[in-house]
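J.: Have a look at the structure that comes next, please.
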Ligand code: PMP
Ligand code: GLN
């Protein structure tokens, strides 16, 4: 018997490939996006306490009430609306699950789903597995803002959903309020849902606010907001996130969630509920990351690479087309092997693997690691030929 693959075009994700190579090569790993530093010891202690206290059985399918309530309160504080914790907030096992379950809730066979690219790699398989047809729209090549004319041109009677991501991985572009208004205009009067990946909601720079699509009264009625506590509190391995969506959408979302994972790790839910009670714990994050972004971007500007400004997320892109025509995937491998610094080639974020000679670095690392990586990158020209 030969199993006919449902995803014949999919291999192992670039994040796994590059992290593995970084380990093999003993390189500084600025490829896969995860913090190189620990979480607040207080949060760790809270988890330990709830484990010891016996909070170790299944949590309620939709998440513990205390966490849903404090998350609704955070949403009121940061985005100016209060989702109903009972019917509009669901705790899930990471944003990846939120995105998958939201796509599964709305996409039927033959439906078209607009994906803005470069795009995070989990979107397309979620669409394809549900029988949907991905329709790709390129972001503007200079700053990775949305080309709304192109989005408009790609809408058809079959369009069922659009997947959006702000702050954006890999570019760091952050949407303005006008982007939300334009999207609302574009889908008004049509049955098009929005799946909004906002995992970097608390990482924006230079005072730029993050506008959640849930904060837009018109978009809110059609949007699944997908978030990740792993990103916000430097604990990506905990795989815990959430989905906020209106009551009717949440009802369908939960039907899927209850059979994908059923519920999410209990003691961590209790710990996060307690930890989130002090807003400063998430409001202080932009300042923390901005120092790292500045350190890394300033250092990178002293290498031969050209930096592409990052407004949010913990990623910094840089281009090298003025130095070499080497394929970006090859460069990422050479850089890891010879300079001992790992990065992500951006071509993997495009459906047709378009290679604009751009690479992505994750700067969520200890400063000494960033400084060492920057010093190694000064020798970049030696490996480009
Ligand atoms: N979306 C984007 C844009 C991401 O970078 C990531 C990476 N973590 C995710 C979703 C997945 O988040 P989680 O780890 O909470 O599943
Ligand atoms: N979101 C992370 C990144 O973009 C990777 C997460 C993963 O490895 N799936 O690097």
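J.: Do we have any residue at all in the stretch 194-204 that's touching a strand residue (DSSP E or B) at 6+ places or on another chain (Cβ under 6 Å), more than 24 Å from residue 78 (Cβ to Cβ) and more than 16 Å from ligand 2 (Cβ to nearest atom)?
T.: Scanning the stretch 194-204 turns up no residue that is touching a strand residue (DSSP E or B) at 6+ places or on another chain (Cβ under 6 Å), more than 24 Å from residue 78 (Cβ to Cβ) and more than 16 Å from ligand 2 (Cβ to nearest atom).
J.: What pairs come out if I take residues in the stretch 214-230 that are in contact (Cβ under 8 Å) with a residue 12 or more places away in the chain and under 17 Å from residue 247 (Cβ atoms) and pair them with residues that are in a loop (DSSP other than H, G, I, E, B) and away from ligand 1 (no atom under 13 Å from the Cβ) whose C-beta lies under 6 Å away, six or more apart or interchain?
T.: That search, which allows pairs on different chains as well, returns 221/246; 224/245; 225/212.
J.: Given the residues 141, 156, 145, which is the only one that is assigned to a loop (DSSP other than H, G, I, E, B) and either touching a residue at least 60 places away in the same chain (Cβ under 8 Å) or within 16 Å of ligand 1 (Cβ to nearest atom) (or both)?
T.: 141
J.: A further question follows. Select, from 92, 146, 127, the only residue that is within 16 Å of ligand 2 (Cβ to nearest atom) and within 18 Å of the chain's Cα centre (by Cα).
T.: The conditions single out 92.
J.: Here is a follow-up. Just to be sure, is residue 108 surrounded by fewer than 22 Cβ atoms within 10 Å (Cβ to Cβ) and in a loop (DSSP other than H, G, I, E, B)?
T.: yes
J.: OK, next. Inside the stretch 113-138, can you point out the residues that are over 17 Å from residue 7 (Cα atoms) and part of a loop (DSSP other than H, G, I, E, B)?
T.: 118, 119 - these are the residues of the stretch 113-138 that are over 17 Å from residue 7 (Cα atoms) and part of a loop (DSSP other than H, G, I, E, B).
Per-residue answers, yes or no, for (1) within 16 Å of ligand 1 (Cβ to nearest atom); (2) outside any helix (DSSP H, G or I); (3) buried (at least 17 other Cβ atoms within 10 Å of the Cβ):
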{"residue": "234", "(1), (2), (3)": "yes, yes, yes"}
{"residue": "248", "(1), (2), (3)": "no, no, no"}
{"residue": "277", "(1), (2), (3)": "no, yes, no"}
{"residue": "288", "(1), (2), (3)": "no, no, no"}
{"residue": "303", "(1), (2), (3)": "no, yes, yes"}
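J.: Look through 66, 102 and report the one residue that is within 29 Å of residue 254 (Cβ to Cβ), more than 16 Å from ligand 2 (Cβ to nearest atom) and out of contact with any strand residue (DSSP E or B) (no Cβ under 9 Å at 6 or more places or on another chain).
T.: 66
J.: Looking at the stretch 182-200, I want the residues that are within 16 Å of ligand 1 (Cβ to nearest atom) and have a partner that is in a loop (DSSP other than H, G, I, E, B) with Cβ atoms under 6 Å, at least 6 apart or on another chain. Which pairs are those?
T.: These pairs meet every condition: 194/222; 198/212; 200/167; 200/313.
J.: A follow-up question, please. Any residue that is under 19 Å from the mean Cα position of the chain (by Cα) and free of Cβ contacts under 8 Å to residues at least 40 places away in the same chain - is there at least one of those in the stretch 245-264?
T.: Looking for residues that are under 19 Å from the mean Cα position of the chain (by Cα) and free of Cβ contacts under 8 Å to residues at least 40 places away in the same chain, one finds none in the stretch 245-264, hence no.
Bear in mind these aren't lab numbers, they're just calculated from the coordinates by the rules spelled out. What you see is a predicted model, and the numbers here were worked out from it, not measured in a lab. Don't worry about glycine lacking a Cβ; one is built from the backbone with ideal geometry, like all the others, and counts go over all protein chains shown.
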